[in-house]
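Here's the structure we're looking at; comments come further down.
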Amino acid sequence: MYNKSMIRVGIGYDIHRLVEGRKLIIGGVLIPYSFGLEGHSDGDLLSHAIIDALCGALSFPDIGELFPDTDPAYKDARSIELLEKVALMVGEKGYEIVGIDTVIIAEAPKLSPYKEEIRKSLSQVLRIEPDRIGIKSKTNEGLGEIGEGKAISCYAVSVLRRKNG
Ligand code: MG
C-alpha cells in the first residue's frame, strides 16, 4: 500500500493550431494528414501536456519555463525528447511514474489507428509499461474551433510515487 504522502498528482493541458506545411506529430508519432501542428517545437501537444502533468506533480517549472519558445535551442525540437528529459528529472527527484492518462480532442484525423504506436512511443521515453498509459481520442462534436478542425487540444494527468518508500 502507498502512504498518501508519497503520491503526487499533476495535470497538463495544451492546444495547438492546425496549419498547412507542418508535419502532424502526436506522442512522437508521425501521423499522415494534410495539416500539422503549429509551434516553435514540432508542436507535439500530447508530449507537451504530459510534460506539464509531470512538472505539476512535483512543482517543477512548467514547460514554457523549462523550454522557452524564445530559445533557439528548442526551435523545431522533438518534443518527445523533451518529455524524456522531464521523465529523467522525475527519477532524479526520487519519484517514479505510476500512471499517465490523456485525452486528445481532434475533429480529424481519426487517431484511434495510431493509439498503440503512440502508447509504445511514450512508454519508451517514460520508461514504463504501455498499459500504464491511457490514450483516449475524441471529437469536439463539431463545436467551436476544435470542431471546425482549426486546432487540436489535449489533457493529461500523471500520478507519481516516491521510490523505495
Ligand atoms: Mg504546446
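Since every read-out is calculated from the coordinates, none of them should be taken as a lab result. Just so it is clear, the structure is predicted and the values come from calculations on it, not from any experiment. We place every Cβ from the backbone using ideal geometry, glycine too, and count neighbours over all the protein chains shown.
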Next item on the list: Kindly state, to the nearest 0.05, the FRET efficiency for ILE15 paired with ARG161, given R0 = 30 Å and r defined as their beta-carbon distance.
Entry: 0.55
Check: Quick one: which of 111-122, 49-60 comes out on top by average Cβ neighbours within 10 Å, and what's the full order, highest first?
Finding: 49-60, 111-122
Check: Considering only the chain, what is the antiparallel percent among its DSSP beta bridges, to the nearest 5?
Finding: 80
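May I ask you to give the average projected area over all directions of the convex hull of the Cα atoms of the chain, in nm² rounded to one decimal?
That works out to 9.7 nm².
For the chain, what is the relative contact order in percent, using Cα pairs closer than 8 Å and at least 6 residues apart in sequence?
32
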Next item on the list: Pick out which of GLU65, GLU129, GLU84 has the largest mean-square fluctuation in a Gaussian network model of the chain, springs linking Cα atoms closer than 10 Å.
Entry: GLU65
Check: In whole Å and largest first, what semi-axes does the C-alpha gyration tensor of region 41-123 yield when each eigenvalue is scaled by 5 and square-rooted?
Finding: 22, 18, 11
Check: So how far apart, in nm, are the two label points at MET6 and LEU88 if each is 7 Å from Cα heading toward Cβ?
Finding: 2.6
Checklist line | C-alpha long axis of helix 115-126 to longest principal axis of the chain, angle in ° | finding: 40
Notebook entry, point to check: Roughly how tilted is helix 45-57, in degrees to the nearest 10 and between 0 and 90, from the longest Cα axis of the chain?
Noted result: 30
Next item on the list: Treat each spin label as a single point 7 Å out from the Cα along the C-beta direction, and report the GLU129 to GLU141 distance in nm.
Entry: 3.6
Check: How much FRET efficiency would the formula 1/(1 + (r/R0)^6) give for ASP69 and LEU30, where r is the Cβ-Cβ distance and R0 is 25 Å, rounded to 0.05?
Finding: 0.70
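Mind giving me the FRET efficiency for LYS110 and ASP76? R0 is 25 Å, r the Cβ-Cβ distance, nearest 0.05 is fine.
With a Förster radius of 25 Å, E is 0.40.
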